[in-house]
Amino acid sequence: MPAPARPSSHSTGKQSFQLFIVHLPEYKSSAIKLRDALSAFDVAGFVAHARAQRTPKWQENVMDQLRSSDALVALLHKGFYENEWTQQEIGAAVGCGLLVIPVTFGEEPRGFIGHYEPLQGKGKSYDRLADELRRVLKGHPQTRTRMAESLMGRVVASDIYRQAVQATRPPEEAE
């Protein structure tokens, strides 16, 4: 069954592609490094902050981030499936109709995400993994339009674009 249609960035006001990064608490620094590498492709990664007390406000923030995300990447380290929060985030993403991209670090996808083709993460640099994720996101029918919108937003916001527009205006409009 196809995923439900997600609103485009034009209706949500988003420019950057929004990617929710699911990780075990002990691999938070890896998730942050991946998030930072993805920013080169105008992909804004969300990494939930692990707290001893997961308050209702924290849960609400995580759900808001999931609902506003364009896709989800799951960093599958050993113990991933024993963590109740990673499971809930995966289930919520599937329920929201998000594309889920599993990345294996010793754990294979199963359950709701068992049918997704995983990326291999072990032994790769964060830059290389970010580039592989970018390729999946720009090529997948569920995310390619949002990736293109994100790129166009970046182009339009650039100084080079503004200079090119200014240079092509008739002299009377340029002032």
Go through the range 122-175 and give me each residue that's of a type in the set (S, T, N, Q), at pLDDT below 90 and not in a helix (DSSP H, G or I). 158
Taking residue 104 as the residue in question, decide whether it is farther than 23 Å from residue 138 by Cα and not in a loop (DSSP other than H, G, I, E, B). no
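Quick check on my filter: what residues within the range 149-163 are exposed (fewer than 13 other Cβ atoms within 10 Å of the Cβ) and under 12 Å from residue 16 (Cα atoms)? It would help to see each step written out before you state the result.
Going residue by residue through the range 149-163, those that are exposed (fewer than 13 other Cβ atoms within 10 Å of the Cβ) are 155-160, 162-163.
Correct list: 155, 157.
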Some residue of the range 88-95 being within 21 Å of residue 139 (Cα to Cα) and either in a helix (DSSP H, G or I) or without any contact (Cβ under 8 Å) to a residue 24 or more places away in the chain (or both): yes
Could you tell me how many of the residues in the range 23-46 are in a helix (DSSP H, G or I), farther than 15 Å from residue 130 by Cα and either of a type in the set (Lys, Arg) or touching a strand residue (DSSP E or B) at 6+ places or on another chain (Cβ under 9 Å) (or both)? 3
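Of the residues that make up the range 111-132, is at least one basic (Lys, Arg) and either surrounded by 17 or more Cβ atoms within 10 Å (Cβ to Cβ) or over 20 Å from the mean Cα position of the chain (by Cα) (or both)?
no
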Considering only residues that are of a type in the set (A, V, I, L, M) and over 18 Å from residue 34 (Cβ atoms), which ones fall in the range 113-169? 148, 151, 152, 155, 156, 157, 160, 164, 165, 167
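The values are calculated or read from the model by the stated rules, or taken from the named source; none is laboratory data. No experiment lies behind these values; they were computed from the predicted model shown. Virtual Cβ from ideal backbone geometry, glycine too; neighbours counted across all protein chains shown.
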